[in-house]
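In what follows, a single structure is set out as structure tokens and then discussed.
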Amino acid sequence: MIQELVKKEIVGRNLATAADEVLLRHQSQGLFTLFRADIRRDKVIRSRYIVKQVESAAMGRVEADGLRVLGEAGCMVPATHGVFESQGKSYLILDFVETGSKRPGQISFEKNMMALYSQKQPHYGWHEDNFIGTLNQINHEHAHFADFWWQDRILPQINLAIEKGFFKGSDRKSLEAMVFRLANEWKLEEFGPRLVHGDLWSGNVIVSTEGHTYFIDPSVAYSHPEQDIAMLQLFGSPFDVNRELYEKLGLPPGTGERIPYFQLYPLLVHVNIFGASYVNGVREVIRKYR
């Protein structure tokens with residue numbers, strides 16, 4: 001069923017002809033299921049696409065929009081070819097990127113980061129809600145970074161984590177005081193809102209066999225770039241992320257010293273998606289800045 005469905009959609013989008021053979025294979029399984037579609041003609045593979053199964057058409061649409069925004073900013077991203085639905089499931093079609101070693105992608109990675117953080121606007125936030133993993137990500141316009149970081153990022157996640165029984169109301173009070181105190185102490189809003197990937201862990205940066213770095217699975221907004229820097233190092237960065245890079249990117253003094261503060265958001269997201277194993281990471285951040 002899925003084989004016939006994908007072929008119909010790919011042909012309908014002029015990515016293949018009716019005479020082409022579409023070979024669909026399971027590519028990987030994580031939060032989302034990925035399929036690889038090989039387009040074959042005369043026993044030769046002419047092109048390849050990734051078909052990503054997501055939870056809703058809205059999720060596919062905002063991901064495609066995020067990739068478009070990153071591409072228009074000058075970042076390398078796989079092209080998208082639309083979203084379709086079938087039997088309660090939604091699918092996003094993207095160009096397939098043949099991956100190689102991450103290490104040769106350092107120069108390309110830095111170019112992507114420079115293009116990303118050159119994008120400015122007067123307000124923090126985004127024009128619509130999007131997603132972080134499988135969770136809804138609230139976006140409003142905020143004049144001040146601390147308001148954005150608390151109201152649209154930390155508060156929704158700590159509230160959900162309290163509902164799930166992982167934290168208490170007293171933890172929410174501690175986090176609120178910490179977020180505002182440190183944002184003011186560090187003068188975080190002086191740098192101004194910059195476009196961020198929003199979910200820049202190592203798995204969302206892929207490097208082609210030619211050494212070109214691509215960003216995938218964005219959760220875009222205008223925020224502080226240290227959000228991406230911290231997320232990239234949460235599970236170990238495949239790239240050199242150091243003071244030299246911070247200077248190239250024109251990031252503010254102290255970048256790299258505030259990583260636990262900015263890792264609080266993805267840690268809470270992981271608590272709400274994956275459970276109790278990430279609770280201690282959140283508590284360590286609270287203890288560090290108490």
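The values are calculated or read from the model by the stated rules, or taken from the named source; none is laboratory data. If you're wondering where the values come from, they're calculated on a predicted model, not measured in any experiment. In this analysis, Cβ positions are derived from the backbone assuming ideal geometry, glycine residues included, and neighbour counts consider all displayed protein chains.
How many residues, within the stretch 156-201, are closer than 18 Å to residue 271 by Cα, among the hydrophobic types (A, V, I, L, M, F, W, C) and under 21 Å from the mean Cα position of the chain (by Cα)?
Counting residues in the stretch 156-201 that are closer than 18 Å to residue 271 by Cα, among the hydrophobic types (A, V, I, L, M, F, W, C) and under 21 Å from the mean Cα position of the chain (by Cα) gives 5.
Can you pull out the residues in the stretch 73-120 that are over 26 Å from residue 191 (Cβ atoms), hydrophobic (A, V, I, L, M, F, W, C) and assigned to a loop (DSSP other than H, G, I, E, B)?
79, 96, 97 - these are the residues of the stretch 73-120 that are over 26 Å from residue 191 (Cβ atoms), hydrophobic (A, V, I, L, M, F, W, C) and assigned to a loop (DSSP other than H, G, I, E, B).
Any idea which residue in the stretch 217-240 is farthest from the chain's Cα centre (by Cα), counting only those that are crowded, with 20+ Cβ neighbours inside 10 Å and of a type in the set (A, V, I, L, M, F, W, C)?
239
Just checking, how many residues over the stretch 127-173 are in contact with a Ser or Thr (Cβ under 9 Å, 6 or more places away or on another chain) and either closer than 22 Å to residue 57 by Cα or hydrophobic (A, V, I, L, M, F, W, C) (or both)?
Result for the stretch 127-173: 8.
Within the stretch 249-258, identify whether any single residue is part of a helix (DSSP H, G or I), under 23 Å from residue 187 (Cβ atoms), modelled with pLDDT of 95 or more and assigned by TED's automatic domain parsing to the domain that holds residue 175, and answer yes or no.
Yes, the stretch 249-258 contains a residue that is part of a helix (DSSP H, G or I), under 23 Å from residue 187 (Cβ atoms), modelled with pLDDT of 95 or more and assigned by TED's automatic domain parsing to the domain that holds residue 175.
List the pairs whose first member sits in the stretch 206-230 and is over 15 Å from residue 97 (Cβ atoms) and assigned to a helix (DSSP H, G or I), whose second member is among the β-branched types (Val, Ile, Thr) and at pLDDT below 95, and whose Cβ atoms are under 7 Å apart, counting only residues at least 6 apart or on separate chains?
Taking only residues 6 or more apart or on different chains, the pairs are 229/241.
Among all residue pairs at least 6 apart or on different chains, which show Cβ distances below 7 Å where the first residue, located in the stretch 77-104, is under 22 Å from residue 239 (Cβ atoms) and at pLDDT below 95 and the second is among the small types (Gly, Ala, Ser) and not in a loop (DSSP other than H, G, I, E, B)?
Pairs found: 98/208; 99/208; 100/208.
Residue-by-condition table, conditions (1) out of contact with any helix residue (DSSP H, G or I) (no Cβ under 7 Å at 6 or more places or on another chain); (2) more than 25 Å from residue 1 (Cα to Cα); (3) among the β-branched types (Val, Ile, Thr); (4) surrounded by 20 or more Cβ atoms within 10 Å (Cβ to Cβ):
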residue: 46; (1), (2), (3), (4): yes, no, no, no
residue: 100; (1), (2), (3), (4): yes, yes, no, no
residue: 118; (1), (2), (3), (4): yes, yes, no, no
residue: 135; (1), (2), (3), (4): no, yes, no, no
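Can you go through 61, 68, 41, 36 and tell me which one is outside the structural domain of residue 213 (by TED's automatic domain parsing), among the charged types (D, E, K, R) and touching an Asp or Glu at 6+ places or on another chain (Cβ under 8 Å)?
41
Going through the stretch 264-276 one residue at a time, which ones are touching a helix residue (DSSP H, G or I) at 6+ places or on another chain (Cβ under 8 Å) and not β-branched (Val, Ile, Thr)?
The answer is 264, 265, 266, 267, 268, 270, 272.
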